[in-house]
Amino acid sequence: MSAALSAKPEALKIIPPERPLVGRVTPPGSKSITNRALLLAALARGTSRITGALKSKDTALMAAALRQMGVTVDEPDATSFVVTSTGRLQAPDAPLMLGNAGTATRFLTAAVTLVDGRVVVDGDEHMRKRPIEPLLVALRALGIDASSQTGCPPVVINGTGSFGQGRVEIDGGLSSQYVSALLMAAPFGTAPVEVALTGKNLDARGYVDLTIAAMRAFGASVDQRDEMLWIVQPTGYTATDFTVEPDASAATYLWAAAALTGGDIDLGVPAGAFTQPDAQAAAIIAQFPDMPAVIDGSQMQDAVPTLAVLAAFNTTPVRFVGISNLRVKECDRISALSTELNRIRSGLAEEQGDDLLVASDPDLAGQSLSARIETYADHRIAMSFALAGLRIRDIVILDPDCVGKTYPGYWDALRELGVSLTPA
């Protein structure tokens with residue numbers, strides 16, 4: 001790491017490369033899968049080895065919380081965790097502080113019901129604005145004492161060591177993380193637990209598929225009766241060795257960087273080999289600069305910032321629909337994308353209800369448009385707007401270190417491809 005980056009500059013200027021970006025970059029392990037595997041390993045009796053894992057702020061927060069509850073989490077190398085557990089979580093002696101890690105917060109809110117005692121799940125100022133009440137309502141339907149004064153963290157759980165039994169309903173359109181949280185705790189019911197969806201749609205269904213695959217890898221019995229109902233048997237979990245695939249959300253930035261510069265970046269994994277829903281973005285990126293006029297982001301939400309910045313250079317305007325849940329991510333990403341695209345050039349984007357319309361102009365490439373991009377402590381805003389700097393001069397990314405939430409090596413990866421970055 002260069003001296004400039006090791007000093008953690010407050011802002012980075014992206015210098016557009018003078019050639020296509022060509023090379024090989026290995027994306028980090030999937031954050032979504034790593035945090036699922038860590039939790040399931042902690043709930044399994046014995047020792048599990050997780051390889052190919054992501055080491056980032058979000059996964060570090062999950063690991064730290066598990067250690068607070070008596071789980072041994074060793075890190076023998078840069079991409080592995082070795083988790084040893086009795087299969088039960090102990091009451092921590094202090095609140096679980098999870099920063100702005102949404103997956104860790106939602107998953108642990110359900111999992112700590114298995115503690116025999118009181119647990120407080122909390123986060124930073126951003127997490128304290130992110131809703132969690134629908135999950136608490138579902139937990140209370142199972143007889144669990146779960147409360148929050150604001151409908152957001154901090155959450156107080158008074159656990160009894162069991163997840164109860166019977167049927168629990170939750171609106172699948174609110175967040176797939178609520179559904180995954182319930183499913184992962186369900187093998188600790190006193191009898192089978194039915195997780196049923198209400199509403200018409202399941203937000204980001206692919207992430208629930210990831211959850212079920214991981215649960216089955218750790219020995220759970222999950223029967224999906226239809227698109228709206230799962231029955232989970234009270235099996236608990238069995239320790240196992242588990243390999244994490246590379247992060248598809250991180251891959252989208254590299255696919256887009258290659259498309260924007262006419263380059264060829266080898267990720268070592270073909271797009272079709274990913275099981276994560278954000279990999280769907282690869283087919284859309286492959287159509288650049290003739291991306292579709294309407295893109296439904298409901299099943300690949302973390303890829304939307306990548307696609308929105310790419311759309312600024314498209315030949316025709318692009319409307320993003322099905323993205324209302326982006327308003328309750330690390331920041332209001334619909335507003336952030338619109339605001340920062342318009343910071344590059346007024347009129348480049350517009351919020352229309354919960355849709356985002358990107359005006360698109362291929363002539364942006366090669367221009368000098370001074371813009372200091374506010375990142376809102378959101379890693380995806382930082383990484384996606386860095387793409388704009390590959391084709392537009394004078395793009396500066398504020399708080400670049402926020403990428404450490406999921407991709408600590410992002411700036412190094414760009415540099416290795418030949419992109420110059422300077423403190424600004």
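The values are calculated or read from the model by the stated rules, or taken from the named source; none is laboratory data. Just so it is clear, the structure is predicted and the values come from calculations on it, not from any experiment. For neighbour counting, all protein chains shown are included, and Cβ atoms are generated from backbone atoms with ideal geometry for every residue, glycine included.
Answer with yes or no whether Ala64 is aliphatic (A, V, I, L, M) and either over 15 Å from Phe107 (Cβ atoms) or touching a Cys at 6+ places or on another chain (Cβ under 8 Å) (or both). Considered against the rule, which asks whether it is aliphatic (A, V, I, L, M) and either over 15 Å from Phe107 (Cβ atoms) or touching a Cys at 6+ places or on another chain (Cβ under 8 Å) (or both), Ala64 comes out as no. Taking residues in segment 361-377 that are part of a loop (DSSP other than H, G, I, E, B) and buried (at least 16 other Cβ atoms within 10 Å of the Cβ), and partners anywhere that are at pLDDT below 95 and among the acidic types (Asp, Glu), the pairs with Cβ atoms closer than 8 Å and at least 6 places apart or on different chains are Tyr376/Glu330; Ala377/Glu330.
Restricting to segment 169-219, count the residues that are of a type in the set (Val, Ile, Thr), in contact with an Asp or Glu (Cβ under 9 Å, 6 or more places away or on another chain) and buried (at least 22 other Cβ atoms within 10 Å of the Cβ).
To start, the set of residues in segment 169-219 that are of a type in the set (Val, Ile, Thr) comprises 170, 179, 190, 193, 195, 198, 208, 211-212.
With the extra rule that they be in contact with an Asp or Glu (Cβ under 9 Å, 6 or more places away or on another chain), the set shrinks to 179, 195, 198.
Among the residues that remain, those that are also buried (at least 22 other Cβ atoms within 10 Å of the Cβ) are: 179, 195.
Counting residues in segment 169-219 that are of a type in the set (Val, Ile, Thr), in contact with an Asp or Glu (Cβ under 9 Å, 6 or more places away or on another chain) and buried (at least 22 other Cβ atoms within 10 Å of the Cβ) gives 2.
Rundown of residues vs (1) basic (Lys, Arg); (2) buried (at least 23 other Cβ atoms within 10 Å of the Cβ), yes/no style:
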{"site": "Glu75", "(1), (2)": "no, no"}
{"site": "Arg106", "(1), (2)": "yes, yes"}
{"site": "Ala111", "(1), (2)": "no, yes"}
{"site": "Asp116", "(1), (2)": "no, no"}
{"site": "Gly123", "(1), (2)": "no, yes"}
{"site": "Pro134", "(1), (2)": "no, no"}
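One residue stands out in segment 378-414 among those that are under 17 Å from Glu18 (Cα atoms) and over 21 Å from the mean Cα position of the chain (by Cα): the one that is surrounded by the fewest Cβ atoms within 10 Å (Cβ to Cβ), namely Arg393. Of the residues that make up segment 218-231, is at least one modelled with pLDDT of 95 or more, assigned to a loop (DSSP other than H, G, I, E, B) and of a type in the set (S, T, N, Q)? Checked segment 218-231: at least one residue is modelled with pLDDT of 95 or more, assigned to a loop (DSSP other than H, G, I, E, B) and of a type in the set (S, T, N, Q).
Regarding segment 151-174, can at least one residue be identified that is assigned to a helix (DSSP H, G or I) and either acidic (Asp, Glu) or touching a helix residue (DSSP H, G or I) at 6+ places or on another chain (Cβ under 9 Å) (or both)? No. Failed condition for Val155, given (1) modelled with pLDDT of 95 or more; (2) crowded, with 21+ Cβ neighbours inside 10 Å; (3) more than 23 Å from Leu61 (Cα to Cα), with all others met? It is condition (3) that Val155 fails. If you go through segment 110-150 and keep only what is farther than 21 Å from Pro187 by Cβ and either part of a strand (DSSP E or B) or of a type in the set (D, E, K, R) (or both), you end up with Arg118, Val120, Asp122, Asp124, Glu125, Arg128, Lys129, Arg130, Glu133, Ser147.
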